[in-house]
1. Looking at the stretch 451-471, which of its residues are among the small types (Gly, Ala, Ser), in a helix (DSSP H, G or I) and farther than 14 Å from Leu381 by Cβ?
2. Quick one: in the stretch 194-225, of everything that is assigned to a loop (DSSP other than H, G, I, E, B) and aliphatic (A, V, I, L, M), which residue is farthest from Ile237 (Cα to Cα)?
3. Within the stretch 409-418, work out how many residues are part of a helix (DSSP H, G or I) and surrounded by fewer than 21 Cβ atoms within 10 Å (Cβ to Cβ).
4. Residue by residue through the stretch 267-287, note down the ones that are within 44 Å of the chain's Cα centre (by Cα) and either closer than 19 Å to His244 by Cα or buried (at least 17 other Cβ atoms within 10 Å of the Cβ) (or both).
5. State the number of residues belonging to the stretch 308-336 that are of a type in the set (Gly, Ala, Ser) and closer than 29 Å to Val370 by Cα.
6. Looking at this structure, is Gly319 more than 24 Å from Gln468 (Cβ to Cβ) and either part of a helix (DSSP H, G or I) or at pLDDT below 85 (or both)?
7. I need a count of the residues in the stretch 108-133 that are free of Cβ contacts under 8 Å to residues at least 40 places away in the same chain and either under 15 Å from Ser180 (Cα atoms) or more than 21 Å from the chain's Cα centre (by Cα) (or both).
8. Looking only at the stretch 416-466, count how many residues are within 24 Å of the chain's Cα centre (by Cα) and not aromatic (Phe, Trp, Tyr).
Amino acid sequence: MRDANSDPTGDGEPPVTAGSGAGGSAPSLREALAADPLGLASHRDWDGEDAEPPRSPGWALVRFALIVAAVIVFAFLLHVGVTVLLVGALVVCILLHELGHFLTAKAAGMKVTQFFFGFGPTLWSVQRGETEYGVKAFPLGGFCRIIGMHNLEEVDPADEARTYRQRPLWRRLSVAVAGSAMHCLIALVVLFAMFFWAGDSTGYLTTPASNPIVGIDKLASGASPAMKAGFRLGDRIVSVDGHHFADFTAQSDFIRAHPDRRLTVVVRRHDRLVTLYPTPVNLQQQHVVGAGAGSLGKAKRPTGFIGIEVSSVVHSSFGASVSHAFGMFGHYVVVTVNALGRLVTLHGIHSYLHMLTNARAANTPSGESVRFESPVGVVSLLHTAAGDGIGPVLYLLGVINISLGLLNMFPMLPLDGGHVVIALYEGARSRKRRRYHADVAKLLPLMYLMIAIIVFIGGTSLFLDVRQLAS
């Protein structure tokens, strides 16, 4: 049987190492890349923490807990405590992503040496068995370090059997997709909670005509027909002129079609039926004031108006909530994929570059424009959603997790999708008694390019969000 480490490419050629040029000459580009100068493929430790034995985690844990507590207290003093807690919920989503990799790797018998949230200097860590758990200074992600992810990584021969590269194809695929699968699961759970518990206020579901009245507008000239007829907040419309409407849009269309004609409206008020008689005014001749006036333009033809606003929140049963959660999940998968597809076109690239140079284009994007949100933008969105209630918060968390799950599946290293493609390619090239290992050195130029793109998008997204907040 062939030694997988002695021939990682599977084509009979010895592995390439840095400085192996003929006659001791300068290494070629491929040899230099195989050395992984940035330490991205070989998981090189830049902070030198392995140079000294780990210290007792007791004081470090106390210090970290005090820092977290101080941040939360300070946030509530500044009246942004809820936003900080929502950011914490996003942190939990990231940890669950890494937990997916961790659990599937452990189940496959792989050796996991580190499980960390964040990057940079270590704030706190503790060794439990063969794995070090901890938190680093910059909360911009996390990592789960599994030994032997590719042929460039040197591993103790005693641990080679427990490396990622030596496990069966289905095991490697399960580890690679586990992070995105966790994001998908989180998205489905929070979307279900939105439909079943908080209710949908996004417009995804049609507003029922029987939803309670939450606003009564008035006219610039005085009381509106709804005020004159005696409508009250909380009333639920049962019928209009004997017609029962399933959704509020159809009901509104009927009222708009009957200006200056008295209507017979039956409402449910505190478990009893009440009959009211409003006469819609013609919006061509009236000006509306109130919370709902902003959505009403000048009517171009005779349009009836009585002046009621119903709640846009739609609650669903348990079974319907499950169905709606999967439906919205699929909808935003398609929306996200289409958006990414538009971004990589020449028009999409031009539009993105235009937003960088034109603040107005960035702050009021067209329907075809696509841009990413930086951590600053995400926090801003969470802060806005927190002020609108739990429903918008759950919706936003669901959409964010869908986006993260899809982006991580992009088929390029260092993203999880890159490992999926490599595993499938290795599976296609392998034979029953001869396992093929892809030479990751050949992919390093593409990986560095992908990292450069990620850094560019991250930096420009931060610039766009900061500029928007400053304006």
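1. Step one: of the stretch 451-471, the residues among the small types (Gly, Ala, Ser) are 452, 458-459, 461, 470-471.
So of that shortlist, the ones also in a helix (DSSP H, G or I) come out as 452, 458-459, 461, 470.
Of everything in the stretch 451-471, those that are among the small types (Gly, Ala, Ser), in a helix (DSSP H, G or I) and farther than 14 Å from Leu381 by Cβ turn out to be Ala452, Gly458, Gly459, Ala470.
2. The initial filter retains those residues of the stretch 194-225 that are assigned to a loop (DSSP other than H, G, I, E, B), namely 199, 201-207, 209-212, 217, 220-221, 223-224.
Still in the list and also aliphatic (A, V, I, L, M): 205, 209, 220, 223.
Values: Leu205: 19, Ala209: 7, Ala220: 25, Ala223: 20 Å.
Among residues in the stretch 194-225 that are assigned to a loop (DSSP other than H, G, I, E, B) and aliphatic (A, V, I, L, M), the one farthest from Ile237 (Cα to Cα) is Ala220.
3. Looking only at the stretch 409-418, we keep the residues that are part of a helix (DSSP H, G or I), and these are 416-418.
Of the ones still in play, those that are also surrounded by fewer than 21 Cβ atoms within 10 Å (Cβ to Cβ) are 417.
The qualifying residues number 1.
4. Answer for the stretch 267-287, where residues must be within 44 Å of the chain's Cα centre (by Cα) and either closer than 19 Å to His244 by Cα or buried (at least 17 other Cβ atoms within 10 Å of the Cβ) (or both): Val267, Arg268, Arg269, Asp271, Leu283.
5. Taking the stretch 308-336 and keeping what is of a type in the set (Gly, Ala, Ser), we get 311-312, 316-317, 319-321, 323, 325, 327, 330.
In the following step, the residues that additionally are closer than 29 Å to Val370 by Cα were identified as 312, 323, 325, 327, 330.
Adding up the residues that qualify gives 5.
6. Details: more than 24 Å from Gln468 (Cβ to Cβ): yes; either part of a helix (DSSP H, G or I) or at pLDDT below 85 (or both): yes.
Answer is yes for this residue.
7. Taking the stretch 108-133 as the starting set, the residues that turn out to be free of Cβ contacts under 8 Å to residues at least 40 places away in the same chain are 112-119, 128-131, 133.
Checking the rest, the ones that are also either under 15 Å from Ser180 (Cα atoms) or more than 21 Å from the chain's Cα centre (by Cα) (or both) come to 112-115, 128-131, 133.
The number of residues fulfilling the criteria is 9.
8. Of the residues in that region, 23 qualify.
The values are calculated or read from the model by the stated rules, or taken from the named source; none is laboratory data. Predicted model only: the values in this text are computed from it and were never measured. FYI the Cβ positions are ideal-geometry reconstructions off the backbone, even for glycines, and counts take in every protein chain you see.
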